[in-house]
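First the structure, in the form of C-alpha cells, and then the observations on it.
Laboratory data are not the source of any read-out in this text; all were calculated from the coordinates shown. Predicted, not measured: the structure shown is a model, and the values here were computed from it. Glycine also receives a Cβ, built like all others from the backbone with ideal geometry; neighbour counts cover every protein chain displayed.
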Amino acid sequence: MNKSEVIIRSVIEKSVFDIVKEMFDRFDYKAFIPEGSKVVIKVNLSTPFKENAEASNTSPEILEAVCRIVKDRTDRVIVGESNGMRYDTEDAFEVSGYYPILEKYGISSMNFTKDEWIETGEKLIKGWGLPKTLLEADVFISLPVLKTHATTVFTGTLKNQFGCYPQHNRILLHPRLDKVLVLINKIVKPKLAIMDAIIAMEGRGPINGRPKRLDLLLASRDPVALDATAMRLVGIDPYTSRHVVISAQDGVGNIAEGDIEINGDFEKFKTIIEPAEKDLPIKMLALISRSKFLTEKLILNPESFYPLRKSAMMWRDARDLVLKTLRFKRT
C-alpha cells in the first residue's frame with residue numbers, strides 16, 4: 001500500500017473556507033468528483049441539544065465550506081445523517097444551524113432513517129439494511145469530529161460511518177462493532193474525510209465529554225491514516241482503538257507512522273487530551289450491550305434507561321466527592 005497523506009492546518013492562520021479549499025485542491029477533488037455526480041456528505045451529529053452541540057456535532061462553518069466547493073461540481077448533493085437512539089436527525093440539523101446553509105446552496109438534507117433501506121447481502125449485517133441514497137452515491141465525503149469515546153477509545157472518521165446504519169437501535173450491533181465499522185467503510189469508500197478539530201471533545205465522549213479547543217482541521221483520503229494521525233496528535237496511541245487496528249489489518253488504510261506522510265506542522269500542533277475513563281458505569285454498559293435482550297430491556301427502553309443513567313450520575317458524584325475528601329485530608 002502506498003503512503004497516505006494527512007493534512008493538518010490551523011484555523012487561526014487561515015479561514016475555514018480557505019483551508020478546506022486547499023485540502024480539496026491538494027487531493028485533486030475534480031478528479032474524484034466528476035461533474036454531475038451524486039455526492040453524499042455524511043456529517044457527525046451526536047446530539048440535538050445546544051449545550052452539547054459545539055463539541056459533538058460537525059461545525060456548520062466546515063459544512064458550508066464543503067457544500068460551496070462540491071456544489072461547484074454538481075447539483076446532486078445530499079447532506080445526511082441517521083436518527084439517534086432517542087432523537088430525530090432533523091432536530092440535530094436544526095440545533096447545528098445546517099438548514100440555512102443547505103437552503104443557501106440549494107442542497108438537500110437526508111434523514112437516512114427515513115430513506116428506503118436495502119439489504120447488502122453481507123452476512124455480518126444480515127437484516128440491517130442500508131440507505132438507498134447512500135448505496136447509490138457516486139461520491140461519499142465524511143465530516144467527523146475529533147472526540148474521545150468511552151467504548152472505542154476514539155471516534156473520528158471510521159466511527160462516523162456507524163451513522164450510515166440508519167436504524168435508531170444500531171447499538172445492537174455493538175457486540176461486533178469493530179467488524180461492522182470495517183465493513184461500512186469498505187461499502188461507502190470515503191473519497192475524502194475532513195476532521196473537525198476546531199473544538200474537539202475530551203473526557204467522557206462522544207457526547208458528555210468536555211469541549212477542547214484545538215483550532216485545527218485535518219484531512220485525508222485514507223480514513224485509517226486520518227484517525228491514526230489525529231490520535232497521535234492528541235496523545236492517544238492508535239493501536240489502543242480496536243476498530244482502527246482492524247481496519248488497517250483489513251486493508252482500509254494505513255496506521256503505521258512510516259506509512260503516513262504528514263502535510264503540516266505536527267510537532268507545533270501536538271497536544272494532550274484527557275481520554276475517556278472506562279469507569280464502572282461504562283464497564284456495565286459494555287457488559288449489557290453484549291446481550292440483545294438486556295440492551296433492548298435496559299438501554300433502548302426509556303423507562304429503564306433514564307433511572308439507570310441517574311444512578312450512574314449519582315455513583316460518579318459520590319465517587320468524586322470521596323476522592324475530593326481524601327485529597328483534602330492528605331493536604
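Computed values, structure above
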| quantity | calculated |
| --- | --- |
| Theoretical FRET efficiency, 1/(1+(r/R0)^6), r = Cβ-Cβ of Asp91 and Arg242, R0 30 Å, to 0.05 | 0.45 |
| Cα long-axis angle, helix 302-330 against the chain (0 to 90 degrees, to the nearest 10) | 70 |
| About the Cα centre, charge dipole magnitude for the chain (Lys/Arg +1, Asp/Glu -1 at Cβ), debye | 1300 |
| Under-5 Å amide H pairs with Val153, H placed in peptide plane, nonlocal only | none |
| For region 214-270: rounded, prolate or oblate by the Cα gyration tensor [a/c cutoff 1.5] | prolate |
| Rough spin-label spacing in nm, given labels placed 7 Å along Cα→Cβ, for Phe32 and Ile282 | 3.1 |
| Three-way shape label, region 249-331, alpha-carbon gyration tensor, a/c 1.5 | oblate |
| Cubic angstrom per residue, convex hull over Cα atoms of region 1-126 | 163 |
| Angle in degrees between helix 16-26 and the longest Cα principal axis of the chain, rounded to the nearest 10 | 60 |
| Correct choice for Rg and Dmax of the Cα atoms in Å that was computed from the model, options (1) 19.6, 68; (2) 21.0, 64; (3) 19.6, 63 | (1) |
| Alpha carbon centroid spacing (whole Å) that separates region 10-85 from region 90-120 | 13 |
| For Leu214, distant residues with modelled amide H under 5 Å away | Ile199, Ala200 |
| Residues whose placed amide H lies under 5 Å from that of Ile255, excluding near-sequence neighbours | none |
| Euclidean distance of C-alpha centroids, region 254-282 and region 215-250, integer Å | 7 |
| Angstrom value of the Kirkwood radius, inverse mean 1/r, which spans all Cα pairs in region 180-221 | 12.0 |
| Computed helical MRE - 222 nm, the chain, DSSP H runs ≥ 4 contributing -39500 (n - 2.57), nearest 500 | -11000 deg cm²/dmol |
| Neighbour net charge for Gly258 - beta-carbon separation under 13 angstrom, K R +1, D E -1 | -1 |
| Three-way shape call for region 194-290 based on the alpha-carbon gyration tensor, with the a/c threshold at 1.5 | oblate |
| Net charge contributed by nearby residues that have their C-beta within less than 14 Å of Asp88 (K/R +1, D/E -1) | -3 |
| Cβ-based exposure ranking for His168, His243, His149, in which fewest neighbours within 10 Å come first | His168, His149, His243 |
